[in-house]
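First the structure, in the form of structure tokens, and then the observations on it.
The values are calculated or read from the model by the stated rules, or taken from the named source; none is laboratory data. Because the structure is predicted, anything quoted here is derived from the model rather than measured. Cβ sites come from the backbone with ideal geometry, for glycine too, and all protein chains shown count toward neighbours. Accessible surface areas use protein heavy atoms only, side chains included; no ligands, DNA or RNA. Shrake-Rupley method; radii C 1.70, N 1.55, O 1.52, S 1.80 Å.
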There are 2 protein chains.
Amino acid sequence: MAALRFDADDERYIRELSEYVAIPSVSRDGDPAVMRRAAQWLAARLDFARPRIVETRGFPVVVGQWMGRPQAPTVLVYGHIDVQPTGDIDEWLTPPFEATRVTGPDGEDRLRGRGVTDDKGPSYIAIETCRQFLAQEGALPLNVKFLFECEEEIGSPHLADFVHAHAEELGADLVISADGAMWRTDEPSLSIASKGLLALDIEVEGPNRDLHSGRYGGTVANPIHALVELLATLHHPDGRIAVEGFDDGVPALSDEERNEIEAVPFSEEAYRADLGVDQTHGEPGLGTLARLWTRPTLEINGIRGGGSYTVIPHVASAHLTCRLVAGQHPDAVYEAIVRHVNAHIPRGTRVGISREGGSVPAYAIDRDHPAITAATAALAEVYPNERVLLARIGGTLPATTLFEDALGAKTLFFSFAYADELHHAPNEFLRVRRLREGMRAWEILLRLLGDGEHRLAQRAREEAIA
Amino acid sequence: MAALRFDADDERYIRELSEYVAIPSVSRDGDPAVMRRAAQWLAARLDFARPRIVETRGFPVVVGQWMGRPQAPTVLVYGHIDVQPTGDIDEWLTPPFEATRVTGPDGEDRLRGRGVTDDKGPSYIAIETCRQFLAQEGALPLNVKFLFECEEEIGSPHLADFVHAHAEELGADLVISADGAMWRTDEPSLSIASKGLLALDIEVEGPNRDLHSGRYGGTVANPIHALVELLATLHHPDGRIAVEGFDDGVPALSDEERNEIEAVPFSEEAYRADLGVDQTHGEPGLGTLARLWTRPTLEINGIRGGGSYTVIPHVASAHLTCRLVAGQHPDAVYEAIVRHVNAHIPRGTRVGISREGGSVPAYAIDRDHPAITAATAALAEVYPNERVLLARIGGTLPATTLFEDALGAKTLFFSFAYADELHHAPNEFLRVRRLREGMRAWEILLRLLGDGEHRLAQRAREEAIA
């Protein structure tokens with residue numbers, strides 16, 4: 001198979017990616033001007049694909065398409081432009097929006113910066129590969145459309161409207177997501193399932209104003225006391241979720257699934273060491289991998305109230321998210337949580353619960369889908385000494401269910417992030433070698449999907465009929 | 001008794017007090033330049049008393065003295081220059097550092113602004129009264145010293161060193177505190193006891209970094225889950241404090257005390273209505289007043305961790321304070337809490353507990369102390385139609401115990417704040433009428449203490465011998 005020539009070193013790739021990281025496209029409470037600047041940067045990289053920045057009711061999306069192979073299948077490349085908040089800025093070893101090349105404790109070169117691995121680097125890899133096809137061969141091996149959004153990290157609240165309204169323009173036989181992550185560094189992997197997401201806020205109100213703790217203390221319910229009492233009822237001390245009805249509809253882990261998961265090489269000890277904890281914690285009777293791959297979660301992500309002074313605050317609140325698995329419907333899970341909360345309201349307080357937009361159910365792609373076989377082959381060629389693992393991820397890609405509904409297309413996750421690269425945390429990084437490995441893998445994948453056009457097209461036709 | 005002439009309206013008082021409020025002397029994480037500016041403003045008002053701004057290892061103190069009555073007793077007027085943080089700025093109806101005159105729902109004129117009632121207004125009243133003695137009579141009726149600190153709202157961490165080092169200079173027969181508050185607006189009151197204070201922080205650590213809730217959720221202990229579990233063990237659901245040994249040494253409420261408290265006119269219904277709660281909450285078997293006046297508290301003042309995004313934070317923390325009553329020693333209470341926390345550390349986490357400086361035991365002054373009888377008479381003259389109530393306060397004045405230890409002097413609380421004036425909360429205010437009422441009362445108090453010099457001086461001598 002003819003091969004593209006990629007650069008002999010990573011200098012240009014790093015320089016260009018650093019420009020992109022330098023635009024602080026934090027979507028939570030984001031600055032529209034900054035989001036637009038990031039979208040413009042990306043659109044400029046898509047100059048071969050007639051890029052357009054399209055407004056939504058939130059932040060814009062960037063779309064583009066190269067349709068020079070009328071007989072070939074069409075793929076839609078998906079990614080996101082926005083990034084997570086930095087978190088505590090003091091925990092960053094280098095400024096989050098100045099991509100910095102450093103050597104990791106594993107001896108490997110890293111590029112550190114917010115968004116570098118989620119999802120700016122992986123998006124850059126996909127786009128640069130396509131650019132090189134055009135530059136070196138004058139054409140791509142199949143038709144490629146692009147869709148990059150600016151709201152993935154806040155649950156893609158406006159993507160669904162956009163995709164439904166532009167379903168014809170975005171239509172494709174397969175979506176390839178540049179978002180996601182390989183779950184560990186010593187085995188290339190493909191994800192065949194992702195979890196759904198439900199987000200909600202709980203607010204406890206007590207007195208009608210903040211009170212001086214000396215003047216009122218001990219006589220009125222403190223909303224922080226009430227909130228911690230309430231939240232403490234959500235889990236049993238052994239790790240089980242205590243919300244009745246929370247996992248209704250979730251099938252018990254079959255022996256076959258259990259065996260399959262137990263056969264995956266996995267070191268609990270290395271996992272603990274990496275996280276710096278002396279024990280893992282979760283539902284009893286399951287190993288870490290089974291917990292991560294098969295079980296829903298209910299996490300308190302944030303809590304706040306009052307301050308470090310002698311106050312009884314009038315309000316305290318928490319942000320919670322659930323990762324959902326197949327069998328759970330977001331609406332039913334939310335209702336179960338509402339019932340639980342209403343049954344546990346502490347004395348003397350009022351409790352409000354509100355649901356965030358953008359919840360999604362879990363998602364899966366068959367392991368014999370042609371996209372999975374092509375991607376497996378591409379990874380096997382780039383990583384000849386390693387076996388390609390079919391994994392599931394605990395994370396959520398809200399777009400997958402949407403693409404299935406609106407475009408009738410499955411989504412292949414093909415990201416060159418690793419799960420250990422501090423996504424969403426301070427000091428997020430991307431391993432530098434993955435830039436060129438990723439480009440080579442994307443090249444092979446696109447060639448295989450182009451070569452195998454009949455199989456992909458046939459599969460798409462079959463699915464349309466079924 | 002000759003009377004000072006105070007202004008016919010409040011215009012000048014409000015103008016001057018507004019200048020003082022405009023200096024945002026927030027001591028928590030305070031700006032030294034701002035604190036100094038506030039100290040300078042106050043020192044300028046003490047021009048009749050040879051004012052000095054004296055450095056400490058923290059923010060400065062302002063001292064001064066007028067000693068023109070060699071045969072008369074000496075009082076030390078205490079107050080504080082610093083104020084609480086504003087809290088959520090969005091909850092302020094007018095800018096916190098622009099004192100604004102408004103009409104309250106009770107129809108009374110109010111001055112709204114941070115610190116206006118705690119403790120800038122009450123301090124101003126005391127100083128302005130003294131200024132008028134000098135201006136109109138050329139002398140005060142007794143010797144007056146002044147001590148204003150800039151760290152009261154953060155537990156007076158450097159006041160003790162200062163007072164001990166300057167005990168001779170500050171020596172007095174009585175301390176009169178311009179800080180404190182009358183506990184309600186329909187009866188003038190004097191406080192004969194205040195609670196002690198102990199502050200501490202609890203921090204729960206889990207994994208060594210913030211984690212993506214999709215990539216790690218359900219497999220590792222979440223520090224917020226652990227913190228809420230831990231904090232929920234501090235109280236029983238019925239309101240009792242669940243920390244073993246917490247109130248060791250606290251005598252049970254005697255029948256006499258209970259009867260005395262129950263005889264105080266107090267409307268639970270009005271209390272609930274004022275706070276906007278449908279029930280009060282606290283230790284079972286006691287009314288609100290008994291809870292407030294006689295029982296120690298353990299309040300969670302602040303809690304924080306993570307944020308409103310899909311994170312498992314690596315750390316979560318809470319700030320707690322205890323209001324202590326007679327019989328409790330801060331060290332013993334802290335040790336009881338440490339034992340409780342260590343016995344309840346949730347699985348898979350590390351818990352740190354640290355004590356804030358500046359803890360103080362509870363304080364009391366005898367109800368037949370000459371300062372109490374003089375103050376009662378002064379209030380009776382200003383409020384002829386109301387009975388003067390001897391109350392206790394749930395709040396803490398760290399300076400009281402210190403003055404007793406270092407100067408051998410009891411402290412009379414003589415503030416013209418009311419407890420409902422949103423101390424420590426957004427929209428703090430002072431009733432405007434209290435400016436002139438307070439000045440008149442201070443005038444009478446100082447005259448009585450000067451007239452009754454033999455009784456105060458004699459009492460001071462008796463105490464020195466005992």
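Report the trypsin sites (Lys or Arg not before Pro) located in the stretch A:278-326 that are in a DSSP loop and have at most 11 other Cβ atoms inside 10 Å of their Cβ, or state none. Working shown, then result.
Values: sites: A:Arg291, A:Arg304, A:Arg323; in loops: none.
When the trypsin sites (Lys or Arg not before Pro) of the stretch A:278-326 are filtered for loop state and at most 11 Cβ neighbours within 10 Å, nothing remains.
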Pairwise burial B:A, computed as accessible area of each alone minus the pair, summed, 1.4 Å, Å²: 7000 Å²
Per-residue [θ]222 nm for chain B (sum of -39500 (n - 2.57) over DSSP H runs n ≥ 4, rounded to 500): -10500 deg cm²/dmol
Take the Cα of B:Asp201, step 7 Å along the line toward its Cβ, and report every residue of the stretch B:76-98 whose backbone nitrogen sits under 11 Å from that point. none
Please compute, for peptide B:279-292, the average count of beta-carbon atoms on other protein chains lying within 10 Å of each residue's beta-carbon. 4
Interchain or sequence-distant (5+) residues whose placed amide H lies within less than 5 Å of the amide H of B:Val77 are B:Lys145, B:Phe146, B:Leu147, B:Ile176
Rank B:Asp10, A:Asp90, A:Asp186 by accessible area, highest first, at a 1.4 Å probe radius? A:Asp90, A:Asp186, B:Asp10
Taking H placed 1.01 Å from N in the peptide plane, check which residues at least 5 places from B:Ile393 or on another chain put their amide H under 5 Å from its amide H. B:Ile192, B:Ala193, B:Ser194, B:Lys195
Where the Cα pairs of the stretch B:290-340 fall when distances are cut into 5 Å bins, in %: 4, 15, 20, 18, 15, 10, 8, 7, 3, 0
Shortest-first nm distances, A:Asp331 label point to equivalent points in other copies (7 Å, Cα→Cβ): 6.4
Estimated inter-spin distance, B:Asp9 and A:Asn208, nm [label 7 Å along Cα→Cβ]: 3.1 nm
Please report the projected area of the stretch B:299-432's Cα convex hull averaged over all directions, in nm². 12.7 nm²
Taking the Cα centroid of the stretch B:379-424 and of the stretch B:223-292, what is the distance between the two, rounded to the nearest whole Å? 23 Å
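Under 1.5 on a/c is rounded, so check that first for the stretch B:215-345, then, if it is not, pick prolate when a/b is larger than b/c and oblate when it is not; a ≥ b ≥ c are the square roots of the alpha carbon gyration tensor eigenvalues.
On the way: a/c = 3.23, a/b = 1.73, b/c = 1.87.
Oblate shape, in that a/c is at least 1.5 and b/c is the bigger or equal ratio.
Quick one: divide the alpha-carbon radius of gyration of the stretch B:346-406 by 2.2 N^0.38 Å and tell me what you get. Intermediate results must be reported in sequence, preceding the final value.
On the way: Rg = 19.7 Å, N = 61, 2.2 N^0.38 = 10.5 Å.
Dividing the Cα radius of gyration by 2.2 N^0.38 Å gives 1.87.
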If you put a point 7 Å past Cα along the Cβ direction, how far is that point for B:Pro105 from the same point in each other copy, in nm, smallest first? 5.6
Need the list of lysines near B:Lys195 for cross-linking: C-alpha distance under 20 angstrom, and skip anything on the same chain fewer than eight residues off. B:Lys410
Given a 1.4 Å probe, show me the residues in the stretch A:203-218 buried by at least 50 Å² of accessible surface when comparing the whole protein assembly to the chain alone. A:Arg209, A:Asp210, A:His212, A:Gly214, A:Arg215, A:Tyr216, A:Gly218
Globularity ratio of chain A, using Cα Rg and 2.2 N^0.38 Å: 1.03
Highest first, please rank the peptides A:69-75, A:297-303 by the mean number of other Cβ atoms sitting within 10 Å of their residues. A:297-303, A:69-75
Roughly how many nanometres apart are two label points built 7 Å out from the Cα toward the Cβ at A:Asn385 and B:His166? 7.4 nm
Relative contact order for chain B, counting Cα pairs under 8 Å that sit 6 or more residues apart, in percent: 26 percent
Taking all protein chains as present, what is the carbon and sulfur share of the accessible area of chain B, in % to the nearest whole number, probe 1.4 Å? 48 percent
Please sort through the DSSP H helices of chain B and keep those with an alpha-carbon extent of at least 24 Å along the long axis and a Kyte-Doolittle average not below -1.0. B:433-451
Sticking to Cα atoms, compute the Rg of the protein assembly as shown to one decimal and its Dmax as the biggest Cα-Cα distance, whole number, in Å. 34.0, 112
Provide the net charge surrounding B:Leu430, with neighbours chosen by a C-beta distance below 14 Å and charges set as Lys +1, Arg +1, Asp -1, Glu -1. -4
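Between beta-carbons, use under 13 Å as the cut-off and find the net charge around B:Asp186, counting Lys and Arg +1, Asp and Glu -1. Write down the numbers at each step before the final one.
Values: positive: B:Arg184, B:Arg387, B:Arg431; negative: B:Asp106, B:Glu108, B:Glu187, B:Asp274, B:Glu386, B:Asp420.
Counting the neighbours of B:Asp186, the net charge comes to -3.
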Have a look at B:Leu446, A:Ala441, A:Gln132 and report the one farthest towards the positive end of the charge dipole of the protein assembly as shown, computed about the Cα centre with Cβ charges (Lys/Arg +1, Asp/Glu -1). A:Gln132
Stick to the Cα atoms of the stretch B:171-228, pair each with every other, and give me the Kirkwood hydrodynamic radius in Å at one decimal. 17.2 Å
Viscosity 1.306 mPa s, temperature 10 °C, Stokes-Einstein D of the stretch B:274-374 from Kirkwood C-alpha radius, µm²/s: 91 µm²/s
Could you tell me which of rounded, prolate or oblate describes the stretch B:364-456, using a ≥ b ≥ c as the square roots of the eigenvalues of the alpha-carbon gyration tensor, with rounded for a/c under 1.5 and, failing that, prolate when a/b is larger than b/c and oblate otherwise? oblate
For chain B, with only Lys/Arg (+1) and Asp/Glu (-1) charged at the beta-carbon, what is the dipole magnitude about the Cα centre, in debye rounded to 20? 720 debye
From the C-alpha coordinates alone, can you work out the Kirkwood hydrodynamic radius of the stretch A:123-214, in Å? 18.1 Å
Candidate aspartates and glutamates - alpha carbon under 17 Å from A:Lys145, same-chain residues fewer than 8 apart omitted: A:Asp47, A:Glu128, A:Glu168, A:Glu169, A:Asp173, A:Asp179, A:Glu404, A:Glu443, A:Glu453
Per residue, how large is the accessible surface of the protein assembly as shown? Use a 1.4 angstrom probe and give square angstrom. 37 Å²
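Provide a whole-number value for the mean count of partner chain Cβ atoms within 10 Å of the Cβ atoms in peptide A:414-426.
Across A:414-426, the average partner-chain Cβ count within 10 Å equals 3.
In debye, nearest 20, what is the charge dipole magnitude of the stretch B:330-391 about its Cα centre with +1 on Lys and Arg Cβ and -1 on Asp and Glu Cβ, if you could check?
Values: 6 positive and 7 negative charges, 113 e Å.
Computed about the Cα centre, the dipole is about 540 debye.
What Kirkwood hydrodynamic radius do you get for the stretch A:10-121 when you take the inverse of the mean 1/r over all pairs of distinct Cα atoms, in Å? List each step's numbers first, then the result.
Numbers: mean 1/r = 0.0642 Å⁻¹.
Radius from the Kirkwood sum: 15.6 Å.
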For A:80-87, mean number of other protein chain Cβ atoms within 10 Å: 2
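In the stretch A:187-273, which GluC sites (Glu not before Pro) fall in coil by DSSP and have 16 or fewer other Cβ atoms within 10 Å? Could the numbers behind the result be given before it?
On the way: sites: A:Glu203, A:Glu205, A:Glu229, A:Glu244, A:Glu256, A:Glu257, A:Glu260, A:Glu262, A:Glu268, A:Glu269; in loops: A:Glu244.
Passing sites in the stretch A:187-273 are A:Glu244.
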